[in-house]
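Engineer: Sharing a structure below in structure tokens format, with a few things to ask.
The values are calculated or read from the model by the stated rules, or taken from the named source; none is laboratory data. Treat the numbers as computed from the prediction; the structure is a model and nothing was measured. Positions of Cβ are generated from backbone atoms using ideal geometry, with glycine treated the same way; all protein chains shown enter the neighbour counts.
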Amino acid sequence: MNKPRIMAIICAALTLVFVFFVTRDDPVSSRTVEEVAGQLTQSKTFDTTGLTLRSGGEFKKTFLLSAGDYDGIVYYSADSIMDVRELLVIRLKDEAQAEPLVEVIKKRIEDKITLFNGYAPEEEALLGSYVLESSRGFVMFAVCANADKVLEEFKGAL
Amino acid sequence: MVFSSAVFLFAFLPAVLLLYFLPLCFWNRRLEDHRKNLVLCAASLIFYAWGEPVYIILMLLSIGFNFNIGLDIERCADDSKAKKRILMAAVVFDLMLLGFFKYSNFLIGNVNSLLSADIPLLKVSLPVGISFYTFQILSYVVDVYRGQVKAQHNIISFAMYISMFPQLIAGPIVQYSDIEKQLFGRRHTPEKFLDGVFVFIRGLGKKVIFANAIGAAHTEILSGGTEGLSAATAWLAAICYTMQIYFDFGGYSDMAIGLGRMFGFEFMQNFNLPYTATSIKDFWKRWHISLSGWFRDYVYIPLGGSRRGTGRTILNLAIVWSLTGLWHGAAWNFVAWGAFYGILLILEKYPLAGIVPKIPVWVRHITTMIIVIIGWVFFSCESIGDAFDLLGSMFLLKGNAALDSQWMYYFRGCGFSLLLMSLSAFGAFAGVPKPRNKYIGILCSVCVYGAIMTLCVISLVSDTYNPFLYFRF
């Protein structure tokens with residue numbers, strides 16, 4: 001066999017190995033966004049009292065992202081400007097959506113922290129303790145008093 | 001990394017240009033060409049790795065595989081059967097890679113829906129630019145097989161052709177035969193460089209000033225869904241998207257062509273005032289020319305084109321347009337979009353062939369524009385259901401109002417932008433006379449493009465809404 005052919009076969013074999021490793025672990029969760037978010041809210045790990053479940057349009061206005069771009073979204077936020085609690089659970093269509101989405105959420109939370117800085121220290125502290133997690137085809141973002149527990153519950157729900 | 005980002009404009013590009021134009025091997029022209037190619041290749045890989053640190057490995061392996069396939073095909077030049085086997089192996093392998101990353105979850109999703117199965121989706125994300133660089137790779141191996149080009153023996157030059165950052169992410173799809181002669185000995189002149197800068201800024205302006213603004217308007221109009229939209233507002237949304245996609249993708253292509261020119265390359269034109277088309281066939285001769293050309297050269301003509309009778313031509317057109325739709329995305333709305341154009345082109349080619357030329361040009365132009373706007377509805381929506389929903393609003397099929405105050409509100413916001421964009425899209429600015437004196441012409445261009453660049457920088461600093469629509473393909 002000639003050298004280029006051997007090299008081509010080696011490259012093809014390495015490509016297959018690469019594909020295997022890229023897709024091997026952490027498969028996308030088969031649960032729906034409603035199931036995952038439901039587990040967080042029904043168990044009261046995330047208390048939705050005083051919060052409103054928002055539509056895709058309201059999500060779009062808040063994050064400048066189209067809800068239709070994702071497999072599903074559940075978004076809770078408060079009507080009062082001073083209530084900073086939020087829960088956002090998104091099921092991605094494609095893993096590549098995770099990074100830009102996380103960036104948008106981070107940017108928004110940073111802007112919000114700046115907004116509350118200096119005059120609402122409790123809200124600022126709550127915002128500072130937010131959790132943002134991307135895992136198994138989902139992105140979850142929560143601002144609440146027990147954010148760490150919400151994160152744990154989210155991981156278990158996937 | 002995107003062209004319309006501060007890190008690209010103010011760090012990456014200046015650094016690459018500096019390294020590229022430093023005459024480190026000035027005493028030997030050939031060596032200097034090699035050095036320039038090496039700089040461009042390394043910069044392209046860094047550019048790609050910036051956004052895809054994992055999938056750079058896939059691209060490198062793909063480059064290694066196809067580089068060697070090219071050499072192997074050349075080695076078997078006298079053995080047509082062996083040559084064909086190698087080509088088939090390469091085409092199948094390259095298409096399987098593209099298919100796996102782009103269509104596997106689409107396939108699983110459809111199987112799950114049809115059979116009520118619960119096959120878990122794969123954890124795969126679409127490597128940026130894979131649709132574009134796979135097509136470039138295929139053009140290379142097929143052209144080597146056909147004997148139209150010689151196999152590339154320098155892996156740096158080959159890697160540079162595949163990964164060249166100006167057109168890596170969203171085209172234009174550069175066929176190897178078009179660029180082979182430019183890999184070595186391409187000319188660099190101050191005029192060419194300056195022209196490249198101007199074309200790049202023009203593209204940046206189209207993207208940042210026009211596409212982003214009208215894209216935000218489109219998002220705002222449809223932010224509450226299609227429920228309760230008046231027909232006029234629904235049409236306004238569709239027109240906004242029509243302009244957004246042209247200025248977004250056309251802007252990106254201009255940037256790619258401009259950057260290519262700065263580095264001494266001449267890429268093919270990808271858009272030629274597509275919204276001035278007077279038929280669907282004419283539209284596709286003007287829109288994404290590099291993709292249409294690729295499908296013509298590597299799918300339609302090898303299938304027999306229009307040489308094997310009416311039935312076969314219709315079948316070939318149906319295949320090409322289904323593939324064109326699927327190439328754009330793994331979703332049924334893209335298939336519908338491709339089929340929509342396939343059917344229209346077949347109608348234009350056969351039953352309407354004698355009628356269309358007799359229709360007044362202005363009627364043909366308006367009809368084409370309406371069809372194109374409807375086509376973009378399929379393209380912009382996330383599902384066929386959403387597309388028909390919006391079309392229902394546009395054509396008063398949902399019991400909605402024809403006109404309402406909401407339309408006036410949105411039109412006030414984006415009407416002027418739409419007017420400017422329409423004038424530009426219809427070529428109104430193309431006929432602006434240039435000063436006769438060369439130096440006054442350059443001075444005028446510097447002032448105009450300097451102003452556009454300033455506006456772009458201001459927009460980039462203050463605006464976060466900055467997606468390129470064609471990145472996801």
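Engineer: Hey, among the residues in the stretch B:132-146 that are polar (S, T, N, Q) and more than 13 Å from every other protein chain (Cβ to nearest Cβ), which one's nearest to A:Thr23 (Cα to Cα)?
Structural biologist: B:Gln136
Engineer: Still on this model: Out of the residues in the stretch B:67-86 that are surrounded by fewer than 20 Cβ atoms within 10 Å (Cβ to Cβ) and of a type in the set (A, V, I, L, M), which is nearest to the other protein chains (Cβ to nearest Cβ)?
Structural biologist: Looking at the filtered set, the residue picked out is B:Ala82.
A quick yes/no check of all residues on (1) surrounded by fewer than 18 Cβ atoms within 10 Å (Cβ to Cβ); (2) touching a residue at least 60 places away in the same chain (Cβ under 8 Å); (3) away from every other protein chain (no Cβ under 14 Å); (4) of a type in the set (A, V, I, L, M, F, W, C):
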residue: B:Ala339; (1), (2), (3), (4): yes, no, yes, yes
residue: B:Pro351; (1), (2), (3), (4): yes, no, yes, no
residue: B:Gly392; (1), (2), (3), (4): yes, yes, yes, no
residue: B:Ala401; (1), (2), (3), (4): yes, yes, yes, yes
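Engineer: Helices (runs of 4 or more DSSP H) wholly in the stretch B:329-423 with at least 2 residues that are modelled with pLDDT of 85 or more and over 25 Å from B:Leu229 (Cα atoms) - which ones? Before the answer, list the steps.
Structural biologist: On the way: elements: B:332-349, B:361-380, B:384-394.
Answer list for the stretch B:329-423: B:332-349, B:361-380.
Engineer: Does the stretch B:224-240 hold any residues that are within 16 Å of A:Gly56 (Cα to Cα) and hydroxyl-bearing (Ser, Thr, Tyr), and which are they?
Structural biologist: B:Thr226
Engineer: Sort out which residues of the stretch A:23-59 are more than 14 Å from every other protein chain (Cβ to nearest Cβ) and part of a helix (DSSP H, G or I), and write them in order of number.
Structural biologist: Within the stretch A:23-59, A:Glu34, A:Val36, A:Ala37, A:Gly38, A:Gln39, A:Leu40, A:Thr41, A:Gln42 qualify.
Engineer: Right, another one. Go through the stretch B:25-48 and give me each residue that's surrounded by 12 or more Cβ atoms within 10 Å (Cβ to Cβ), of a type in the set (A, V, I, L, M, F, W, C) and over 30 Å from B:Ile209 (Cβ atoms). Steps first, answer last, please.
Structural biologist: So in the stretch B:25-48, the residues surrounded by 12 or more Cβ atoms within 10 Å (Cβ to Cβ) come out as B:25, B:31-48.
Now drop any that are not of a type in the set (A, V, I, L, M, F, W, C), which leaves B:25, B:31, B:38-43, B:45-47.
The answer is B:Cys25, B:Leu31, B:Leu38, B:Val39, B:Cys41, B:Ala42, B:Leu45.
Residue-by-condition table, conditions (1) surrounded by fewer than 20 Cβ atoms within 10 Å (Cβ to Cβ); (2) in a helix (DSSP H, G or I); (3) at positive phi:
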site: B:Met96; (1), (2), (3): yes, yes, no
site: B:Asn105; (1), (2), (3): no, yes, no
site: B:Val111; (1), (2), (3): yes, yes, no
site: B:Asp118; (1), (2), (3): yes, no, no
site: B:Lys123; (1), (2), (3): yes, no, no
site: B:Pro127; (1), (2), (3): no, no, no
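Engineer: Taking the stretch A:48-70, which residues are of a type in the set (D, E, K, R) and crowded, with 19+ Cβ neighbours inside 10 Å?
Structural biologist: Hits for the stretch A:48-70 are A:Arg54, A:Lys60.
Engineer: Taking B:Met268 and the conditions (1) buried (at least 20 other Cβ atoms within 10 Å of the Cβ); (2) under 25 Å from B:Leu13 (Cα atoms), which numbered condition does it fall short on, given that it satisfies the others?
Structural biologist: Among (1) buried (at least 20 other Cβ atoms within 10 Å of the Cβ); (2) under 25 Å from B:Leu13 (Cα atoms), B:Met268 violates only (1).
Engineer: Condition first: within 14 Å of chain A (Cβ to nearest Cβ), over 19 Å from the mean Cα position of the chain (by Cα), modelled with pLDDT under 90 and assigned to a loop (DSSP other than H, G, I, E, B). Can you find one or more residues in the stretch B:200-223 that meet it?
Structural biologist: Yes: one or more hits.
Engineer: Here's a follow-up. Test A:Val28 against the stated conditions and say whether it is crowded, with 16+ Cβ neighbours inside 10 Å, on the phi < 0 side of the Ramachandran plot, touching a Pro at 6+ places or on another chain (Cβ under 9 Å) and β-branched (Val, Ile, Thr).
Structural biologist: Criteria met by A:Val28.
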